[in-house]
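Report on one structure; see the data block that follows.
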Amino acid sequence: VQLQASGGGLVQAGGSLRLSCAASGLTFITYTLGWFRQAPGKEREFVAAISWSGGGTTYADSVKGRFTASRDNAKNTVYLQMHNLKPDDTAVYYCAAGYQWVRQRVPAGYDYWGQGTQVTVSS
């Protein structure tokens, strides 16, 4: 199984980025997909998750209203659209795939992880 995250970069506060995560080696449509982030010196934290159909989404309070998760099951790809970025959003962003929806907010709820993509927001 491989999850390949991309789309990170350097952006000014208030800007936007769209992260992508392409998956292979798994039956993509059966998996919950999640986004987590980890800033230097901090624990990995939940950002967003989307159910297998895309009909269910959930977000961390810190990103609600600014970030949107979506998925294209035909392309085995999940996205995280990020608007109104803030310096506190600076982190390495990871995508993850998990078989169950019920533990979507904790890292232990996921079976596979991508390598991460760096997002840096300047003030």
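See the values below:
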{"read-out": "Failed condition for SER62, given (1) small (Gly, Ala, Ser); (2) in contact (Cβ under 8 Å) with a residue 60 or more places away in the chain; (3) assigned to a loop (DSSP other than H, G, I, E, B)", "value": "(2)"}
{"read-out": "Per-region count, the range 44-59, residues under 24 Å from GLY15 (Cα atoms), in contact (Cβ under 8 Å) with a residue 40 or more places away in the chain and open to solvent by less than 30 Å² (accessible area, probe 1.4 Å)", "value": "4"}
{"read-out": "Selected residue [modelled with pLDDT under 95 and out of contact with any helix residue (DSSP H, G or I) (no Cβ under 6 Å at 6 or more places or on another chain)] from SER53, SER20, SER16", "value": "SER53"}
{"read-out": "Counted residues, the range 66-108 - those being in a loop (DSSP other than H, G, I, E, B) and either touching a Lys or Arg at 6+ places or on another chain (Cβ under 6 Å) or buried (at least 22 other Cβ atoms within 10 Å of the Cβ) (or both)", "value": "3"}
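Table: residues versus (1) at positive phi; (2) charged (D, E, K, R).
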position: VAL11; (1), (2): no, no
position: GLY14; (1), (2): yes, no
position: TYR31; (1), (2): no, no
position: LYS42; (1), (2): no, yes
position: SER62; (1), (2): no, no
position: TYR79; (1), (2): no, no
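The values are calculated or read from the model by the stated rules, or taken from the named source; none is laboratory data. Because the structure is a prediction, the values reported are computed rather than measured. Cβ atoms come from the backbone with ideal geometry, glycine included; neighbour counts cover every protein chain shown. All accessible areas refer to the heavy atoms of the entire protein, side chains included, with ligands and DNA or RNA removed. Shrake-Rupley method; radii C 1.70, N 1.55, O 1.52, S 1.80 Å.
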